[in-house]
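Since every read-out is calculated from the coordinates, none of them should be taken as a lab result. Remember, it's a predicted structure, so these values are computed and weren't measured experimentally. So basically every Cβ, Gly included, is an ideal-geometry build from the backbone, and we count neighbours across all protein chains shown.
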Amino acid sequence: MSASASPLLPKEDAREAALFFVACALCFLAALSGLVSRSAYAAADAWTTDVTGQITIRVRGDDAALARAVEVTIATPGIASARAITRAEAEELLQPWLGAGGVPASLPLPRLVAAEAVPDVDAKDLVVRLTGALKTAGLETVVDDHLVWSADVRKSIDLAGLVALTAVALLGATGIAVIAFATHATLLARRDIVELLHLSGAQDGFIAGLFERRFLMLGVQAGALGALMAFGAAAFVLYLLRQSDAQIWLLPQLSLSLADGLILGLAPLVAGVASMIAARVTVMRSLADMV
Amino acid sequence: MREQGLAADDPVLRLDRVGLSYGPESDVLADVSLSLPPGSLTFLTGPSGAGKSTLLKLAYLGLRPTAGRISLFGVDTTRLSRRELAPLRRRVGVVFQEFRLLDHLSAYENVALPLRVAGAQERAYREDVVELLTWVGLGDRLEARPATLSGGEKQRVAIARAVVVKPSLILADEPTGNVDEEMGDRLFRLFRELNKRLGTTILIATHDMALVRKAKSDVLRLADGMVMRVPHTALALKEEPT
């Protein structure tokens, strides 16, 4: 005899297998979207950090003009440091496009000054002042304001992150709706049990608890498997990128960091709790129709 | 017509001018009044479709009446919330006409169901449930699933489930309707024993008039949406049409 061993709500293998598959797929997509979203924001932060405060000045003229441009730049308030980029450094920058030793000696390379602004300076104002100072010094220069294009990059990546977050929210809402629908279907299919328990004096919480536990377990298991699959997919993409040494500009770079682990670890918990709440609300609403 | 002669200071079940309708022209019960004194064993008879099952359903709080008042154990249930009704239901044992056994549970587990609902631990009730199933003649079928039980066995499991919490009131809907006469007599003896040994108030809805005559208990006759009491001493009934 094992009265406590048999669940009062029997398992319904066919329907629950289908539900598990759907929940698992949703958790997989949600976890993957979460990873993409986090990576997008991380990439945006990295981009911003990299370019913040960096200014490049192209100088027309000879080495003397370049040296003069460095002096004027350093003397401009708001500039922390400035130095001329050597021809060797310039050739190195062009190497990905022209190959090693691919720059003929006769090819005139632009003379460049790399400057760094002091932290928290108003970059736009600094660029205006620096341009004015260089012009006053009689130098023909173009000051590249990284902020313009970095802001565009930031916006693009923020948008990608927002899209991914929206996908997470939509997938979560879909998952909750699916669980609520499945709970309702189970409730209808096993109305005999619900009624018998109700007429035996069971409180609503007792009956709802049967469904809550059932769907909590289903959510946790589906979430765990979905997260595991998302981890596998991310790791596979990461592996392919590293194998091909690919640099995909403007796309977030998957990293599988601690934060990614947190997303993957939270997925089963969130899926379980969301399933449990969806089941409880559905059952309590249905029971409210009974005497 | 109001039920008369069953006056009691504190009836276990009392219906005062209870009516149930599903629309203006569809009265299931028109004006039913009755009371069951503690320790009584009463039959509820009437033609098929008279509303016996509905009346029992009202009594075990499976329905709310559209008119009148139902009191259980001296408590007026009319204005009680759903939460407040649950403890009252636990004091009522119901034998459903269609048994309502759960197919995925064994006979033992089916009988133990109300105890699980009440939050009891298995070690506390194991012996009682086994003893009860033995008492109804199913001591060797504890692990049997309902699908493998005969009609009479199912009925006995349903009865055991109804009495396992030692309810103050048992409501049985056609408890002998699916069994032969011999089994019917045997089941009735179970009710009689419960009534005598534990003083449980019992209301049995049946159209088995042979059983009613043999039982020599009071009879409530339900017809045309109303109840009339027929003392067993005045019982000279013909077979009810079914």
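Rg and Dmax over the alpha-carbon atoms of chain B stand at 17.6, 53 Å. If the Kirkwood radius is taken over C-alpha pairs of the range B:134-188, then at 37 °C and 0.692 mPa s the Stokes-Einstein diffusion coefficient equals 278 µm²/s. A helix-only calculation puts chain A at -24500 deg cm²/dmol for mean residue ellipticity at 222 nm, using -39500 (n - 2.57) for each DSSP H run of at least four residues, averaged over all residues.
Give the percent of DSSP beta bridges with both residues in chain B that are antiparallel, rounded to the nearest 5.
Working: 18 of 35 bridges.
That works out to approximately 50 percent antiparallel.
The DSSP beta bridges internal to the range B:118-242 are antiparallel in roughly 50% of cases. In this calculation the C-beta distance from B:A223 to A:V273 is compared with R0 = 45 Å, giving a FRET efficiency of 0.20. Per-residue Karplus couplings for the range B:50-61, computed as 6.51 cos²θ - 1.76 cosθ + 1.60 with θ equal to phi - 60°, are listed in order as 6, x, 4, 4, 5, 4, 5, 4, 5, 5, 8, 6 Hz, Gly and Pro entered as x.
Compared with the direct C-alpha span, the chain from A:L188 to A:E116 gains 19.0 nm at full extension, assuming 0.36 nm per residue. Relative to the 2.2 N^0.38 Å rule of thumb, the protein assembly as shown has a C-alpha radius of gyration ratio of 1.69. The simple spin-label model puts a point 7 Å past each Cα toward its Cβ; for A:A46 and B:K214 those points are separated by 8.8 nm. If you bin all the Cα-Cα distances of the range A:52-147 at 5 Å, starting from zero, the percentages per bin are 2, 14, 25, 22, 16, 11, 7, 3, 0.
Can you give the local net charge around A:A288? Use residues other than it whose beta-carbon is closer than 12 angstrom to its beta-carbon, Lys and Arg +1, Asp and Glu -1.
Values: positive: A:R285, B:R82, B:R83; negative: A:D204, A:D289.
Taking every other residue near A:A288 into account, the sum is +1.
Where only DSSP H runs of four or more residues are counted, chain B gives -10000 deg cm²/dmol as its mean residue ellipticity at 222 nm, each run worth -39500 (n - 2.57). B:K52: which aspartates and glutamates have alpha carbons under 19 Å from its alpha carbon, excluding same-chain residues fewer than 8 sequence positions away? Correct list for B:K52: B:E3, B:D16, B:D27, B:D31, B:E98, B:D173, B:E174, B:D208, B:D218, B:D224, B:E239, B:E240.
Put simply, the C-alpha atoms of chain A give a gyration tensor, and the ellipsoid matching it has half-axes of 64, 20, 12 Å, longest first. Net charge in the neighbourhood of A:R60 (other residues with Cβ under 13 Å of its Cβ; Lys, Arg +1, Asp, Glu -1) is +1.
Taken over the Cα atoms of the range B:100-191, the convex hull encloses 94 Å³ per residue. Once the C-beta distance of A:D62 and A:K155 is scaled by a Förster radius of 45 Å, the resulting FRET efficiency is 0.70 to the nearest 0.05.
For peptide A:184-197, the mean count of partner chain Cβ atoms within 10 Å of a residue's Cβ comes to 2.
Among the listed pairs B:K196/B:K216; A:K11/B:K57; B:K166/B:K196, a Cα-Cα separation exceeding 20 Å is found for A:K11/B:K57. Cross-link partners among lysines for A:K124, C-alpha distance below 28 Å, same-chain residues fewer than 8 apart left out? Answer for A:K124, where 28 Å is the Cα cut-off: A:K135, A:K155, listed by chain and number.
Among the trypsin sites (Lys or Arg not before Pro) within the range B:114-220, which fall in a DSSP loop and have no more than 11 other Cβ atoms within 10 Å of their own Cβ? Don't skip to the answer; put the middle values down first.
On the way: sites: B:R116, B:R123, B:R126, B:R141, B:K154, B:R156, B:R161, B:R186, B:R189, B:R192, B:K196, B:R197, B:R213, B:K214, B:K216; in loops: B:R141, B:K216.
Within the range B:114-220, the qualifying trypsin sites (Lys or Arg not before Pro) (loop, at most 11 other Cβ atoms within 10 Å) are B:K216.
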